[in-house]
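Taken together, the values in this text are just the output of simple stated rules run on the coordinates, not laboratory data. Predicted model, so just to flag it, every value in this text is computed and none were measured. Note that each Cβ is placed from the backbone with ideal geometry, even for glycine, and that neighbours are counted across all protein chains shown.
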Amino acid sequence: MSNMSRRNFVKMASAAIAGVSLTGLSGFVSGCGAKAADSKTSAASATNTNKASVQVSDKAKVYFTKHIDAEHLQKLYEKVNSEISGKIAIKLHTGEPHGPNILPRDMVHAFQSQIPNSTIIEANVAYGGPRSTTQQHRETLQTNGWTFCPVDIIDEDGDVNFPVKNGLHLKEVAVGGHLANYDSLVVLTHFKGHAMGGFGGSLKNIAIGCASGKKGKLQVHGVQDYGKWVMGGLFMELMADSGKAICDHFGKNITFLNVMRRMSVDCDCAGTSAAEPVIPDIGILASTDILAIDQASIDLVYNFKDSRKNDLIERIESREGLRQLSAMKELGMGNDQYELIEVE
């Protein structure tokens with residue numbers, strides 16, 4: 001496997017052409033793709049048509065607060081954690097060394113300390129660099145201050161296959177083998193842009209973040225080698241397939257929190273090269289519905305009142321990122337009709 005730098009990976013990803021053949025890729029079902037949504041369609045018209053006509057009882061509940069701190073993170077979690085029990089994994093993007101936009105360690109520490117029997121989980125990356133091996137990854141965790149609780153690198157001992165039931169493309173996805181050791185999953189996501197996905201919400205956090213570095217991430221990225229990358233709608237569909245496998249595995253024992261702060265157009269995997277955020281911080285969301293929480297996060301960006309949202313929207317639309325939402329809806333992963341409940 002190539003030891004390309006993260007920067008070269010991002011450059012290559014940005015230049016890749018959508019639609020590369022996936023013939024022979026492990027887990028892929030040939031000819032089952034769904035047509036990508038128009039990348040220039042606004043979030044509201046693409047997925048929220050006639051929202052007002054839907055009864056409140058038929059909508060998913062998404063809790064929201066403007067306050068980004070440990071107290072409110074915990075308050076929102078308590079609204080959605082009734083099915084969380086047993087051995088609990090907290091999926092978090094811990095970032096490249098010295099990443100300027102990762103979630104604050106003190107906030108995450110305060111949150112994690114209130115969840116009994118919980119462990120932060122991560123998986124190695126596929127693109128080389130300081131998180132591509134378990135040893136290097138642990139050094140990066142130390143550098144970034146993730147030392148207050150155990151961090152389980154879930155693919156340290158290999159991977160296991162989770163089935164994708166009625167997927168758009170994949171029959172199965174290889175996730176870090178340790179993921180199967182947990183009873184519940186709390187998906188704590190830094191919502192931001194993404195070089196390939198357009199945006200990184202709860203779906204991206206589990207679909208790529210839980211996939212094993214040596215196998216699963218290549219399945220989700222739709223590549224057999226570093227010369228061929230899938231972009232656009234097809235990549236969003238592969239992410240949805242992977243996310244569905246993980247959601248199906250945990251069933252009701254999974255919940256989602258999106259923290260909308262320091263929303264660079266780049267993912268935390270860009271490290272110190274990430275673009276400085278332009279759009280102001282918005283708040284925290286929580287839900288038991290993965291589609292509803294990512295849809296609500298997108299709507300908050302699109303409905304922001306001034307032009308500081310434009311860079312992030314351009315990143316989302318230029319990568320056909322809204323296809324993440326419609327693909328999740330097609331797979332029956334959740335409800336794009338939601339009630340936004342503000343919490344003070």
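On alpha carbon coordinates alone, what is the Rg over Rh value for region 87-131, Rh being the Kirkwood radius?
1.01
Can you list the residues of region 311-334 with backbone N under 20 Å from a point 7 Å past the Cα of Phe304, pointing along Cα to Cβ?
Hits in region 311-334 for Phe304 at 20 Å: 311-325.
Taking every pair of alpha-carbon atoms in region 170-222, give the share separated by more than 17 Å as a whole percent.
40 percent
Quick one: pull the percentage of alpha-carbon pairs in region 257-320 with a separation above 15 Å.
The answer is 54 percent, as a whole percent.
Using the alpha carbon gyration tensor of region 76-178, what are the three equivalent-ellipsoid semi-axes (square root of 5 times each eigenvalue), largest first, in whole Å?
23, 21, 12
May I ask for the Kirkwood hydrodynamic radius of region 227-339, worked out over all distinct Cα pairs and given in angstroms to one decimal?
15.2 Å
For region 105-263, what value does the Rg/Rh ratio take when both radii are computed over Cα atoms and Rh is the Kirkwood radius, given to two decimals?
Over the Cα atoms of region 105-263, Rg/Rh equals 0.94.
Which three semi-axes in whole Å describe the equivalent ellipsoid of region 302-344, each the square root of 5 times a Cα gyration tensor eigenvalue, listed largest first?
Rounded to whole Å, the semi-axes are 22, 20, 6.
Mind giving me the nanometre distance, one decimal, between the label points for Glu339 and Asp183, set 7 Å out from Cα along Cα→Cβ?
The modelled label-to-label distance comes out at 3.0 nm.
List the lysines whose Cα lies under 22 Å from the Cα of Lys309, skipping any in the same chain that are fewer than 8 positions away.
Leaving aside lysines fewer than 8 places away in the same chain, those within reach of Lys309 are Lys40, Lys66, Lys192, Lys204.
What order do you get for 141-150, 286-295 when each peptide is scored by the mean count of other beta carbon atoms within 10 Å, highest first?
Highest mean packing first, the order is 286-295, 141-150.
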